[in-house]
Amino acid sequence: MRKHKIKRMAAAVLAIVALAMALSSCSSRVDASAFVKSALEMQYLGQYDAYMKCMDITEDEAQELYQEGMEAEVSYLATILGIEELSDSSEEQLVELYKQICLHSSFEVGEAVLTDEEAKTYSVEVTIKPINLLTLAADDLIANFSNTTDTNDPAYTEAVVEILNRHLPDIANEDAKTVTVQVLTSDEGVFYLKEEDANEIVETMIDYSSLFSYE
């Protein structure tokens, strides 16, 4: 739980979901913004249509990517809470819970600004109102962490699920924060985000700071 012990995920959730979209017949500036918006809608809201069209993939493929993204979010939370191994049952419970949590995601994607014409790089502002559930549950989660001798004990994870469910009815969004991301273009003409930018979105969409600050 302590900040200096948190192992950052090597690949951000959005990177796992492969924030990438083939360029369409629209202008590249519009596409870069649409790329970010469609990926966020799929990743956090489970809305696939725009992303399916952008990526030319099936609904089954989009659902698989969405599931992978939720599993990655849960892995991130587990790492913060000191859980090295999740049982299949515990992971399933947390994934279903995170799907409910992420439905409260609030974000707006601004217009893309061309920053490097030769490299086809764009800057896009994403305005996010972070989800406050972990802030609401922080004291209980920290107490649960402090009172256990084995964070891999299923009872510890069960308590985490119970705590989050107990605070879920009071979930809300915090004041807006702006994250500026760089949309890069591969040699194949496919958009993608820098890993650090994707990580910043992940850490902003749900406010984890109350857990990071525990000493």
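Coordinate-derived values only; no laboratory data. Being a predicted model, the structure only gives us computed values, none of them experimental. Using ideal geometry, Cβ is built from the backbone for each residue, glycine included, and neighbour counts are taken over all protein chains shown.
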With 5 Å bins from 0: P(r) over the range 78-161, alpha-carbon pairs, percent: 3, 12, 17, 16, 13, 9, 8, 8, 7, 5, 1, 0
Label-to-label distance, nm, for residues given as residue 176 and residue 96 (7 Å Cα→Cβ offset): 3.6
Estimated D of the range 128-201 in µm² per second, where Rh is the Kirkwood radius over Cα pairs and Stokes-Einstein applies at 25 °C, 0.890 mPa s: 160
Cα-Cα P(r), the range 34-118, percent of pairs per 10 Å interval: 16, 39, 29, 13, 3
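How much length, in nm to one decimal, is gained on full extension between residue 140 and residue 162, taken as 0.36 nm per residue of separation minus their Cα-Cα distance?
Length gained, residue 140 through residue 162: 6.9 nm.
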Length gained when the stretch residue 195-residue 56 is fully extended (0.36 nm per residue, less Cα-Cα span): 47.7 nm
P(r) of the range 70-215 over all Cα-Cα pairs, binned every 10 Å from zero, in whole percent: 11, 36, 29, 17, 7, 1
Efficiency of FRET between residue 111 and residue 88 - r from beta-carbon atoms, R0 35 angstrom, step 0.05: 0.20
Distance between the range 71-120 and the range 132-190 - C-alpha centres, whole angstrom: 9
